Amino acid sequence: MGVNDHKCHALENVRCAILTISDTRTEETDESGKLIKDLLEEHGHIVVEYAILKDELETIREAVSRLIDDPDVQAIITSGGTGIGKRDVTIEALSGLLDKKLDGFGEIFRFLGYEEIKSAAMMSRALAGIAKGKVMICMPGSKNAVTLGMKKLIIPELGHMVWEANR
């Protein structure tokens, strides 16, 4: 079966949770979270939860563990906490929850980022994977990074990824 055969099974309406990981953002200032929400809904997906979490390992891990066990959630998309600073712990919090890692997401994300921000792209620790049949995607928190990830990678493949993860 080729990629086009698989894509014909892609879900049109994925139920998503959005988490912004930040010590400073609020609902009023979270441009990246709003952008994720708007793009998902614009493409027929359903946002079932949105939250802003502090950059604290256990807080992030507990929130995502709960979402993984929530039968109403099919995908979890996070923004923020993926850099190399001391407070950037999203990857550490979530990588241990994954059953399968989708290395291609981070690789392509950094490649596309390199075209825009050159060598600074190597500091992105964007990550994607599958946890108990749920698609989990972690992106940097900048609006430009979210735009790149959503438009070039996530929107085109989200329904396909959810279908593949559960067949």
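With N counted as the residues of the chain, its alpha-carbon radius of gyration over 2.2 N^0.38 Å works out to 0.96. Round to a whole angstrom and tell me the spacing of the C-alpha centers of segment 71-88 and segment 1-23. Each part's Cα centre sits 16 Å from the other's.
For Ile21, the amide hydrogen comes within under 5 Å of the amide hydrogens of Leu53, Ser79, Gly80, counting only partners 5 or more places away or on other chains and with H modelled in the peptide plane.
Could you please report the charge total around His160, scoring K, R as +1 and D, E as -1 over all other residues with beta-carbon less than 13 angstrom from its beta-carbon? Cβ neighbours under 13 Å give a net charge of -2. Peptides 126-135, 112-121 ordered by packing proxy, namely the average of other Cβ atoms within 10 Å per residue, highest first: 126-135, 112-121. Quick check: the distance between the Cα centres of segment 90-120 and segment 144-167, to the nearest angstrom? Cα centroid of segment 90-120 versus Cα centroid of segment 144-167: 13 Å apart.
When each of the peptides 57-68, 75-86 is scored by the mean number of other C-beta atoms lying within 10 Å of its residues, the order from highest to lowest reads 75-86, 57-68. Extension gain, Asp70 to Asp103, is 9.4 nm, computed as 0.36 nm per intervening residue step minus the present C-alpha separation.
Which shape class, rounded, prolate or oblate, goes with segment 42-85 when its Cα gyration tensor gives a ≥ b ≥ c as root eigenvalues, a/c under 1.5 marks rounded, and past that a/b bigger than b/c marks prolate? Oblate, because a/c is 1.5 or more while a/b does not exceed b/c.
Dipole magnitude for the chain: computed about the Cα centre from +1 point charges on Lys and Arg Cβ and -1 point charges on Asp and Glu Cβ, it is near 380 debye. Using the Cβ-Cβ distance between Arg87 and Asn4 with R0 = 45 Å, the FRET efficiency computed as 1/(1 + (r/R0)^6) comes to roughly 0.60. DSSP beta bridges fully contained in the chain are about 30 percent antiparallel. In this rough spin-label picture, where each label sits 7 Å from Cα along the Cβ direction, the Glu116-Glu49 distance is 2.8 nm.
A short reminder: the numbers here are calculations on the coordinates, not readings from a lab. Note that the coordinates shown come from a computational prediction; the quantities given were computed from them, not determined experimentally. For neighbour counting, all protein chains shown are included, and Cβ atoms are generated from backbone atoms with ideal geometry for every residue, glycine included.
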